[in-house]
1. Specify whether the C-alpha gyration tensor of the chain places it in the rounded, prolate or oblate class, a ≥ b ≥ c being the square roots of the eigenvalues: rounded for a/c under 1.5, otherwise prolate if a/b is larger than b/c and oblate if not.
2. Kindly sort 419, 347 by accessible area of their heavy atoms, largest first, with the probe set to 1.4 Å.
3. Going by average Cβ neighbours within 10 Å, how do the peptides 121-134, 54-67 rank, with the highest at the top?
4. For the stretch 103-223, evaluate the Debye formula with one uniform point scatterer on each Cα (no solvent term) and list log10 I(q)/I(0) at q = 0.17, 0.20, 0.21 Å⁻¹, rounded to two decimals.
5. When the chain is modelled as a GNM with alpha-carbon springs shorter than 10 Å, which of 207, 31, 235 fluctuates the most?
6. Under 10 Å, Cα contacts only: if you run a Gaussian network model on the chain, which one of 145, 302, 205 comes out with the highest mean-square fluctuation?
7. Where Rh is the Kirkwood radius over the Cα pairs of the stretch 202-280, the temperature 25 °C and the viscosity 0.890 mPa s, what D in µm²/s does Stokes-Einstein return?
8. Under the Karplus relation 6.51 cos²θ - 1.76 cosθ + 1.60, θ = phi - 60°, what is the ordered set of whole-Hz ³J(HN,Hα) values for the stretch 60-73, x standing for Gly and Pro?
Amino acid sequence: MKRTFRTSVAALALSSASAAFAADKVVVVTSFPNSMTGPIEAAFEAANPGIDLEILNKKTSAGVKYIQEISDANTADIFWASAPDAFEVLKGDGLLASVEINSDGIPEKIGAYPMNDPDGKYYGFAAAGYGIMWNERYLKAKKLEPAKNWAELKDAAYHGHVGMSAPSRSGTTHLTVETVLQGEGWDKGWAEWKWIGGNFSTVTERSFGVPDGVNTGNFGLGIVIDFFGFSSKASGFPVDFAYPEVTALVPANIAVVNNAPNEAAAKTFVEYLLTPAGQEVLLDPAIMRLPINPATYASAPEGFPNPFEDGSIGAAVKFDVAKSGARYNLVNSMFDVMITYRLDDLRAAVGAVQAAEAKHAGGDNAEAKALIAEARALIDANPIDEATSMDAEFAGIFTKKRKKATDTVGERQAEVEQRWDAMVVENYRKAKELADKAAAL
């Protein structure tokens, strides 16, 4: 009996321990790569040995969809990503919890942008800017200078040398696209993206495919979130990074999911990220994200940007997260229709214009210049104006993200996209024809 009693007590203790372990498991849905989540997970679990993080890595848009799909029987505790508009989507769906977080030492704003959601639905844990990274060896071999502003990437010298991911596949890329649309204006911003897109070598499947491509020299320049450039440089790759004048500086965010199975432990993780120890981990060479505690910059490596001292980062754009969230899927769809899925057509049209302009540079052939101007106007043309993009009923048509052009979407979305596609295909075809004619003169 004694032995049985001891066995039962041991079994009960083991069962209780297992239950406690399960109760302290925090499921984190995140778009961040393991190179970032790994060091943070290790540091957090060392500081909180009773809590185990389970990381579910998903692209931002896929992470949002996942939280939406499991909302009736939620199994996730944390949503963790860069793009604030993704959090606005989840907040609008009532899928984020209101939690009070201790954030001693964290300012209320980063630049002019609020650090946290005013309703306590999500919190900034790092700052994020968007820009251009380049491989110095690649550029030297190709006799190219680094491009440090968006307009420079339109130059014919960079044709075939630029990489980017699609905004429909990356929340951070969506923010970059939207930042240029807001900073330059709708029509000028889209023209900017199409002329840059005409110089693309590739549109990658994932956002971290861009720094990988630059690091390995598959292409020379990449459009990335800042920490991709900083961490690659810190890891020894021959790369560098610059913020264009038109860029946004916004918080990268974290939120506790509504009806989280382990809300208390999830809150502990959020608060850890805001402690001096948690902020210090952001300076790990594999991470290199901008801390939001100004005191942490005392430990930053030489040359590391400090947005609390350099007010120029993100100063040109007051990013409107509500506008971005309202037309999130619409903007992604437009980019894919005009650039991602018609990349060959766009490259051909842009390349033809570039060749014609090179032929007549400094010349006075009025007929050629008129043909080139007409070709440019065709490439610049947009299927809708900005007012239409902000029409809630119209924007609501775009409810599904495609992984590839052949994926099915809603009937109304498919109808609109087909109309857009017909327009851009014809415009790119005609633009190339006109530019070729100009080049022959």
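1. Prolate, because a/c is 1.5 or more and a/b exceeds b/c.
2. Correct descending sequence by accessible area is 419, 347.
3. Highest to lowest by the protection proxy: 121-134, 54-67.
4. Each listed q corresponds, in turn, to -0.88, -1.08, -1.15.
5. Among 207, 31, 235, the largest GNM mean-square fluctuation belongs to 235.
6. Looking only at 145, 302, 205, the largest GNM fluctuation is found for 302.
7. In µm²/s, the coefficient is 160.
8. Per-residue couplings from phi come out as 3, 5, 5, x, 4, 4, 4, 4, 5, 6, 9, 4, 6, 9 Hz.
The values are calculated or read from the model by the stated rules, or taken from the named source; none is laboratory data. Small disclaimer: the values here were computed from a predicted structure and weren't measured. Cβ: placed from backbone, ideal geometry, glycine included. Neighbour counts: every protein chain shown. Note: accessible area is taken over every heavy atom of the protein model, side chains too, but ligands, DNA and RNA are not part of it. Shrake-Rupley method; radii C 1.70, N 1.55, O 1.52, S 1.80 Å.
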